[in-house]
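A short write-up of the structure that comes next.
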There are 2 protein chains.
Amino acid sequence: MKVIIVGGVAGGASCAARLRRLDEDAEIVMVEKGPYVSFANCGLPYHVGDVIERESDLLVASERLFREHFRVDCRTGCEAVRVDPVAKTVDLRDVGTGDVTTESYDKLVLAPGARSIRPPIPGIDLRGIFQVRTVPDAREIREWIERGTSFLAGMEKYSGFQTVRPKMHAVVVGGGFIGLEMAENLVARGFDVTVLELADQVLTPLDLEYGNLVRNFLELHGVHVVVGDGVARFERNDEGEALTVTTQSGRTFPADLAILSLGVRPETELAQQAGLEIGERGGIRVDEHMRTSDPDIFAVGDAVEVRDFVTGEWSLIALAGPANRQARIAADVIAGRDSAFRGTQGTSIVGLFGDAIAWTGASEKTLQRLGDTDYEKIYLYPNSHAGYYPGARPIAMKLIFRKSDGRVLGAQAAGEDGVDKRISHIALAIQLGATVFDLEQAELCYSPPYGSAKDPINFAGMVAADVLRGDLPLSHWESIDGGFVLDVREMPELAVESVPGAVNIPLGQLRDRLHEVPRDRAVHVVCRSGQRAYTAARLLRQRGIDAHVVSGGMLSRAIVSMK
Amino acid sequence: MKVIIVGGVAGGASCAARLRRLDEDAEIVMVEKGPYVSFANCGLPYHVGDVIERESDLLVASERLFREHFRVDCRTGCEAVRVDPVAKTVDLRDVGTGDVTTESYDKLVLAPGARSIRPPIPGIDLRGIFQVRTVPDAREIREWIERGTSFLAGMEKYSGFQTVRPKMHAVVVGGGFIGLEMAENLVARGFDVTVLELADQVLTPLDLEYGNLVRNFLELHGVHVVVGDGVARFERNDEGEALTVTTQSGRTFPADLAILSLGVRPETELAQQAGLEIGERGGIRVDEHMRTSDPDIFAVGDAVEVRDFVTGEWSLIALAGPANRQARIAADVIAGRDSAFRGTQGTSIVGLFGDAIAWTGASEKTLQRLGDTDYEKIYLYPNSHAGYYPGARPIAMKLIFRKSDGRVLGAQAAGEDGVDKRISHIALAIQLGATVFDLEQAELCYSPPYGSAKDPINFAGMVAADVLRGDLPLSHWESIDGGFVLDVREMPELAVESVPGAVNIPLGQLRDRLHEVPRDRAVHVVCRSGQRAYTAARLLRQRGIDAHVVSGGMLSRAIVSMK
Ligand SMILES: Cc1cc2nc3c(=O)[nH]c(=O)nc-3n(C[C@H](O)[C@H](O)[C@H](O)COP(=O)(O)OP(=O)(O)OC[C@H]3O[C@@H](n4cnc5c(N)ncnc54)[C@H](O)[C@@H]3O)c2cc1C
Ligand SMILES: Cc1cc2nc3c(=O)[nH]c(=O)nc-3n(C[C@H](O)[C@H](O)[C@H](O)COP(=O)(O)OP(=O)(O)OC[C@H]3O[C@@H](n4cnc5c(N)ncnc54)[C@H](O)[C@@H]3O)c2cc1C
Ligand SMILES: CC(C)(COP(=O)(O)OP(=O)(O)OC[C@H]1O[C@@H](n2cnc3c(N)ncnc32)[C@H](O)[C@@H]1OP(=O)(O)O)[C@@H](O)C(=O)NCCC(=O)NCCS
Ligand SMILES: CC(C)(COP(=O)(O)OP(=O)(O)OC[C@H]1O[C@@H](n2cnc3c(N)ncnc32)[C@H](O)[C@@H]1OP(=O)(O)O)[C@@H](O)C(=O)NCCC(=O)NCCS
């Protein structure tokens, strides 16, 4: 059996390695048009930021390793340019010489990844504008930065001559996770960074309020973020000068360096040319065995559409974990096994200036788009570990679950500590079909530096379960306008911020001042995070008052009201 | 309804708070014989170590909060001394005055916790020997330390008089998690610490090789650890001098301070006196609703026996998470709800000198004790996050799973980074009935600082699944004696350590040197962690050789051979 694999990085390389382990006799040819196989795409922003200092650290496995350990005929600088699915051949072009040879296959695996979206914006080809997909891309950016800064650094050598090094400007076009990672790393390299995003928020998989939370956080760290405004053109007057980036609304930004990270589009050229079915979202259509519409051609990774595990929709998920797993499944199937991909939850995380933002499963806006109303959401702010042990940090969490059966649907979280852990827990819970009642009873590691006797996951489960059992009728900030707001915080807390028109009765006085709370209408109870409000609401309801807990309290108000 | 709750910390306080939320009208009396309710037992070692500096930080909730927020009649310094289950009364003794009053109840909740085991060792009551269960215990230890050190510190004030401050010695009796946390914190306070443990390992819930790993790690950090030797007596010749601790084997250790942490025993005095059923392990017997043999008396926390979630055995688990959850369930049931405790997995974690050791579910030795042979184990050493991003650390992991159906049974792990996350994932997986095939397809947060495209959890699942699918026949170090050992590492690696008698053929040369591998007997393939050995074994097996992968490779050998 001869297998040709197109693409030699996450999907291609994983498929080749697994296939060799399963079939020592297969002839495996892996072609990669770029200069490297098996490199760490995900590390590129950190190499630009000099966090990963050596380029060689990005090379996870070498051509030589593929030859020696896996006996894979591994060819870099070799591009697949045409597939003939009837003759079962691929035309391969030597990138260096341009020579094209034709190679036959029994099975073909397409793992060509995705390409950066490059809209036809005037000036997009000017020098100083980069994308970040390959090792050479990162190298070019580093060289550009170092050229720029070494010139200025030289000036410091003139003794007695003091110079204020002018701040360099960078514009990052696109507020997806790669754009934001680049923004952070460019700040680390001393740039004044502006992120331009056409959508009304950064990190569009997040719900708007979490997108706003991230945007505000970036701004706190000195990154300028512009949303709802796309790039209209790039201009450069003179070689020595910075670019000028002009937005659709007419704002202009100087840019010594610009990064294009407008997202990616599945690389489907070969697949289309071969007549393979392309899905509704523009990715190669595959079944759960990663088989395309041609039974001898498989496709994996960023190039394909996969089922969303929660919603069942076709979706495009350009992430390394799914790519690696899909590749392993394709290899299994080619080797005659029955493996199947279970779909993806889109579990993601972005580290930014020491904080992490992560999400998994369905967002509220996805459910709204699907017209799904059988869900509820809660906001909470538990500590990352026991509050009495130094270093505990609040985690802002949003949990989305089915109203009818308690199934966990999705979550979003942000914070300095323990975010990856909690969103990964929820990802696992979603995969395993868990309900909020399961989270309520989860038994996770606890000692003071690592968690709490009630872990944030337990809290999320408890609060959600309380909601479903009818013990904790919820209000959300967006829907209490004009209602009666009862603030049960203590006086000093009110000074920080309070809700105009709210009546304040601290929880400890509530039982004695019940007569001050109206009985003829809904009462929305507020505290800092919702916890005291819940205790208050419990007692009010048992005294005949229609009390609701405003989910997430003042902490959520701060997020929800961010513009 | 009048409810009396005995014990005002993890179980008692949680029960009181939840009960009030569910029932505004109940009369709730919570009695605590000590001076504080709701304190952080788990923080005590860190308060001794001055990591948690202020005693007040240990007080999670105050009596006042219980009165004001929860309208709980909260009485400290009040001991329940007798229960009359027929009259439904409790005798309460004022610890200050000795006065006893009798109080009636409709429902009684026992949350008295556990008491430190204090065997009748000669000298056990001498000054300078402490236990660590309460805030006053921690305060006494701190004062003892500070008295000792302030005397010496004073000497430094004499100008021109240089003194080498003599090292103070501490002996920790008992190598359970509290003992080890105390050892770490006493090292932080400048002590030379010796841990004495009667069993043949520290942290007895772990399997022996992990116990040894921890012991060696402690020794690397300067803690002397003695196993298989108990304390015979404590002696003190003179007030000024240190204690002498003599072991059963006759060894002696000086101790300016000794900590007794020989484990705990359920506090069952009241329950026994009341005629409640006591279980086989010595804890109060309760059903899944936390009801004792008397339908109006509930018991929770360290005082009760609970079902082990994996083995179904009755067990004693003195941990805060289960105590809190059981208490919440007891409150639910008292308030007329149907909540049930699902049992415990014993999920635990200990932080030691920057590393963490954690475990969940069944250990191998528990399965062996039960005569259960339907299990397999794997050892692996994945990186805590992407290896190319700075700060990645290996995690030593042992995963135990059902041979027949792949169900995850238990895990143990140790390392500097990400251990809590992975053991908590596995705890959740066990709770949800997951198999290793589920772990294989888990989709966890990945970006370089936070994980890997294949997370340690995926690796564990993949390796275990490979084993179950018959692709990866395993060997374990304890069972390859005399077999043919093939080492596929590279030459420089052999210099570090190698297996006597092993034949070395680096993986890259194996295909060309197949004739050097015997075909008439089992071949045990070894590399650093097992990964290359697996690739080697795959190719050997497809060439007719009975190859087995030595699980965990040389890294496991180092652990397994620790004495
Ligand atoms: C900067 C950056 C940061 C990222 N960070 C993360 C992260 O933190 N977490 C995460 O999960 N994911 C991250 N990703 C996404 C992740 O890298 C991809 O999802 C994953 O690499 C996709 O694997 P793939 O095999 O489908 O495509 P790729 O890994 O992109 O590999 C495709 C390869 O195919 C080659 N190719 C294409 N067409 C041809 C052809 N015709 N002939 C020969 N070769 C061809 C390309 O040159 C390319 O090298 C990041 C990506 C980038 C670019
Ligand atoms: C030093 C230390 C460190 C720990 N670290 C951890 C950790 O990291 N992780 C973890 O999960 N667990 C840890 N634990 C265990 C955890 O604290 C216990 O499992 C938990 O507190 C048990 O709750 P409980 O309510 O059953 O008992 P406790 O919290 O001990 O409360 C029982 C209370 O009842 C009172 N009492 C007893 N009898 C009477 C009576 N007759 N009348 C009135 N009052 C009475 C006692 O004074 C006591 O205050 C640690 C414990 C200690 C001591
Ligand atoms: C590294 C790479 C070539 C894949 O090679 P691979 O051998 O399939 O993958 P890994 O090195 O992760 O090893 C996984 C294999 O080793 C096995 N393994 C891991 N630890 C093991 C252990 N301790 N004992 C035995 N086997 C082990 C796994 O079971 C798995 O084998 P399987 O798939 O047959 O079950 C490919 O993932 C790659 O190119 N990665 C870099 C590119 C990339 O992913 N980019 C995006 C992220 S930055
Ligand atoms: C603190 C203590 C008194 C318990 O009080 P509690 O009110 O039950 O517990 P918490 O403060 O953890 O709060 C949990 C409650 O708040 C609710 N809650 C938490 N966050 C919320 C939010 N954002 N919005 C609404 N409700 C919230 C939870 O659902 C839960 O209520 P429920 O049990 O009715 O579902 C008790 O746990 C205690 O004494 N702890 C210290 C002792 C101890 O545990 N020692 C061992 C560990 S060191």
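Only the coordinates and a few stated rules stand behind these numbers; no lab work does. All values derive from a computational prediction rather than experimental measurement. A quick note on method: Cβ atoms are made from the backbone with ideal geometry, for glycine too, and the neighbour counts reach across all protein chains shown.
Taking amide H atoms as placed 1.01 Å from N in the peptide plane, the amide H of A:S475 lies under 5 Å from those of A:V549, A:V550, A:S551, each 5 or more residues away in sequence or on another chain.
Other residues within the sphere of radius under 14 Å centred on the Cβ of B:F484, judged by their own Cβ, net out at -3 (K and R +1, D and E -1). Take the alpha carbon atoms of the range A:435-501, find their center, do the same for the range B:471-508, and report the distance between the two centers in whole angstrom. The distance from the Cα centre of the range A:435-501 to that of the range B:471-508 comes to 55 Å.
Phi-derived couplings, Karplus 6.51 cos²θ - 1.76 cosθ + 1.60 at θ = phi - 60°, listed residue by residue for the range B:505-512: 9, x, 3, x, 9, 4, 4, 7 Hz, with x used for Gly and Pro.
Shown here for the range A:164-235: trypsin sites (Lys or Arg not before Pro) in loop regions (DSSP other than H, G, I, E, B) with at most 12 other Cβ atoms within 10 Å, namely A:K167. Taking amide hydrogens as placed 1.01 Å from N in the peptide plane, the amide H of A:R393 sits under 5 Å from those of A:S384, A:H385, each at least 5 positions away in sequence or on another chain.
Counting other C-beta atoms within 10 Å, and keeping those with at most 12, which DSSP coil GluC sites (Glu not before Pro) do you find in the range B:52-113?
On the way: sites: B:E53, B:E55, B:E63, B:E68, B:E79, B:E103; in loops: B:E53.
Filter output for the range B:52-113: B:E53.
With the label put 7 angstrom out from Cα along the Cα-to-Cβ vector, A:G275 ends up 8.8 nm from the copy partners, going from closest to farthest.
Once the convex hull of all Cα atoms in the range B:189-233 is built, its volume per residue stands at 78 Å³. Over chain A, the reciprocal of the mean inverse Cα-Cα separation, the Kirkwood hydrodynamic radius, stands at 26.2 Å.
Here the calculated FRET efficiency for A:D481 and B:L514, from their Cβ-Cβ distance with R0 = 45 Å, stands at 0.05, rounded to the nearest 0.05.
Which whole number in µm²/s is D for the range A:129-262 by Stokes-Einstein, with the Kirkwood Rh taken over Cα pairs at 25 °C and 0.890 mPa s? Write out the running numbers ahead of the final one.
Working: Rh = 15.6 Å.
Stokes-Einstein gives a translational diffusion coefficient of 158 µm²/s.
What number of lysine-lysine pairs in chain B show an alpha-carbon separation below 26 angstrom, given a sequence spacing of 8 or more or placement on distinct chains? Taking chain B as the scope, the lysine pair count is 23.
On the beta carbon distance between A:E27 and A:D338, with R0 = 22 Å, the FRET formula returns roughly 0.40. Gyration tensor analysis over the Cα atoms of the range A:330-450 returns equivalent ellipsoid semi-axes of 27, 20, 15 Å (largest first, whole Å). In whole Å, how far is the Cα centre of the range B:290-368 from that of the range A:330-355? Result: 34 Å between the Cα centres.
Considering all different alpha carbon pairs of the range A:249-311, the Kirkwood hydrodynamic radius works out to 13.9 Å. Across the alpha-carbon set of the protein assembly as shown, the Rg to Rh ratio works out to 0.99, Rh being the Kirkwood radius. Only one residue of A:V485, A:Q531, A:V550 has its Cα farthest out toward the positive end of the dipole of the range A:474-560, where Lys and Arg carry +1 and Asp and Glu -1 on Cβ, and that residue is A:Q531. Other protein chain C-beta atoms within 10 Å of residue C-beta, averaged over A:419-426: 6. Across the identical copies, the 7 Å label point of B:R233, projected outward along Cα→Cβ, sits 9.8 nm from its counterparts, in ascending order. Exposed loop sites were defined as chymotrypsin sites (Phe, Trp or Tyr not before Pro) in DSSP loop states (anything but H, G, I, E or B) carrying at most 14 other C-beta atoms within 10 Å; in chain A the longest segment without such a site runs A:162-563.
Label-to-label distances for A:E493 across copies, nearest first, come out at 5.6 nm, using points 7 Å from Cα in the beta-carbon direction.
In the range A:437-536, what GluC sites (Glu not before Pro) fall in a loop by DSSP, with at most 12 other Cβ atoms inside 10 Å?
Working: sites: A:E440, A:E443, A:E478, A:E490, A:E493, A:E497, A:E516; in loops: A:E443, A:E490, A:E497.
Answer in residue order: A:E497.
Taking the helices alone, chain A has a mean residue ellipticity at 222 nm of -8000 deg cm²/dmol, built from -39,500 (n - 2.57) per DSSP H run of at least 4 residues and averaged over all its residues. Shown for B:S56, A:S447: other C-beta atoms within 10 Å of each C-beta, ranked fewest to most, produce the order B:S56, A:S447.
For the peptide B:185-194, the mean number of other protein chain Cβ atoms found within 10 angstrom of a residue's Cβ is 0.
Figure legend: label point modelled 7 angstrom from the Cα of A:E269 along Cα→Cβ; residues of the range A:1-41 with amide N under 16 Å from it are A:6-8, A:31-35. If amide hydrogens are placed 1.01 Å from N in the peptide plane, which non-local residues have theirs closer than 5 Å to the one on B:F298? Placed amide hydrogens put B:L108, B:V109, B:L110, B:T292 under 5 Å from B:F298.
Can you figure out the FRET efficiency of B:K403 with B:K563, using R₀ = 22 Å and their beta-carbon distance, to the nearest 0.05? Write down the numbers at each step before the final one.
Values: r = 30 Å, r/R0 = 1.34.
My answer for the efficiency is 0.15.
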